[in-house]
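Participant: Structure below; questions to follow.
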Amino acid sequence: MVSGLDGRPRPRRDQQSGATLPARAPARGANKGIIMSIARGSLILIALGLIASASMAQAGGILGLRLGTSISNVSGDLGNTVDLANQNGFTATAFLQMGDGVVSLQPELGYVQKGVTEKSTASDFQFDYAEIAGLAKVRVPMLPVQTHVFGGLGADVNVKNVVPAGTSVDVNNLDWNALFGGDVMLNMAGLSVVGDGRYAMGLGDVTSASSAVTDIKNRAWMFSAGVGIKF
């Protein structure tokens, strides 16, 4: 069992008096806040998609599917309590590149496994997410294959957790991620073979009730390949 990742409330100390205070309880109404955050994020991505569709209707695009792997860990103020290692996982993503010019937008719907391994006990903590993402892509000119660099935002909704027996981890239901990366596309006969590499930087805490270890954020490299249909 990894100390500090189990999400159990711990006593805290007042900064002025030094007195021990009760552990903070999870905030009430958290589920309502999560639902509202997901709704706002979804509306933003839908609005971006509609705007892009209207402005790029004559420019074509690519609809496709990618499969790949994730190499993940966490970052934060862990002190010397745990020794962590990368964990490998699975990713699957449906994508729609809208536009085929220098600049294009790409909404995505995917599934990604993240997590971390505790070295001393070889314990795996796996966090699975459904991800809604929106990317802005810029084509790199003068290359033999179609190449893009991109940046964007992903809303990861926690759908499943796998932790060692006897361990309880209180994982936040929503995790926002900044996404940075690039892709290459080889176009032929109405199809596009795609390779994608990206870095996902979590913007919020993974756990929702840990006071002993603070500011724990997901970090993941993701590499995938797939095929798309040009339209």
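Table: residues versus (1) farther than 16 Å from PRO107 by Cα; (2) of a type in the set (Gly, Ala, Ser); (3) in contact with a strand residue (DSSP E or B) (Cβ under 8 Å, 6 or more places away or on another chain).
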{"position": "ASP124", "(1), (2), (3)": "yes, no, yes"}
{"position": "ARG139", "(1), (2), (3)": "yes, no, yes"}
{"position": "PHE150", "(1), (2), (3)": "no, no, yes"}
{"position": "ASN158", "(1), (2), (3)": "yes, no, yes"}
{"position": "ASP183", "(1), (2), (3)": "no, no, yes"}
{"position": "MET188", "(1), (2), (3)": "yes, no, no"}
{"position": "LEU203", "(1), (2), (3)": "yes, no, yes"}
{"position": "ALA220", "(1), (2), (3)": "yes, yes, yes"}
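So that you can scan it fast, the table gives a plain yes or no per residue for (1) surrounded by 16 or more Cβ atoms within 10 Å (Cβ to Cβ); (2) at pLDDT below 95; (3) of a type in the set (Gly, Ala, Ser):
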{"site": "THR93", "(1), (2), (3)": "yes, no, no"}
{"site": "VAL102", "(1), (2), (3)": "no, yes, no"}
{"site": "SER120", "(1), (2), (3)": "no, yes, yes"}
{"site": "ALA130", "(1), (2), (3)": "no, no, yes"}
{"site": "LYS137", "(1), (2), (3)": "yes, no, no"}
{"site": "PRO144", "(1), (2), (3)": "no, yes, no"}
{"site": "VAL162", "(1), (2), (3)": "no, yes, no"}
{"site": "LEU179", "(1), (2), (3)": "yes, no, no"}
{"site": "LEU186", "(1), (2), (3)": "no, yes, no"}
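Listed here are the residues, each with its yes/no results for (1) touching a residue at least 40 places away in the same chain (Cβ under 8 Å); (2) within 22 Å of LEU84 (Cα to Cα).
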{"residue": "GLY154", "(1), (2)": "yes, no"}
{"residue": "SER168", "(1), (2)": "yes, yes"}
{"residue": "PHE180", "(1), (2)": "no, no"}
{"residue": "MET188", "(1), (2)": "no, no"}
{"residue": "SER192", "(1), (2)": "yes, no"}
{"residue": "ASP196", "(1), (2)": "yes, no"}
{"residue": "ALA200", "(1), (2)": "yes, yes"}
{"residue": "TRP221", "(1), (2)": "yes, yes"}
{"residue": "ILE229", "(1), (2)": "yes, no"}
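Participant: Continuing with this model, one more query. Take ASP156 and tell me if it is closer than 20 Å to GLY76 by Cα, more than 13 Å from the chain's Cα centre (by Cα) and either surrounded by fewer than 18 Cβ atoms within 10 Å (Cβ to Cβ) or at pLDDT 95 or above (or both). I'd like the intermediate steps shown before the answer.
Facilitator: On the way: closer than 20 Å to GLY76 by Cα: yes; more than 13 Å from the chain's Cα centre (by Cα): no; either surrounded by fewer than 18 Cβ atoms within 10 Å (Cβ to Cβ) or at pLDDT 95 or above (or both): yes.
In short, no.
Participant: Can you name the number of the only condition in (1) more than 26 Å from GLY195 (Cα to Cα); (2) in contact (Cβ under 8 Å) with a residue 40 or more places away in the chain; (3) basic (Lys, Arg) that LYS114 fails?
Facilitator: Failed condition: (1).
Participant: Could you run through the stretch 164-177 and say how many residues are surrounded by fewer than 18 Cβ atoms within 10 Å (Cβ to Cβ) and acidic (Asp, Glu)?
Facilitator: Residues flagged as surrounded by fewer than 18 Cβ atoms within 10 Å (Cβ to Cβ) and acidic (Asp, Glu) within the stretch 164-177 amount to 1.
Participant: Checking ILE132 against (1) within 21 Å of VAL102 (Cβ to Cβ); (2) in contact with a helix residue (DSSP H, G or I) (Cβ under 9 Å, 6 or more places away or on another chain), which test does it fail?
Facilitator: (1)
The values are calculated or read from the model by the stated rules, or taken from the named source; none is laboratory data. Note that the structure is a prediction, hence the values are computed from the model and not measured. Positions of Cβ are backbone-derived with ideal geometry, glycine not excepted, and every protein chain shown enters the neighbour counts.
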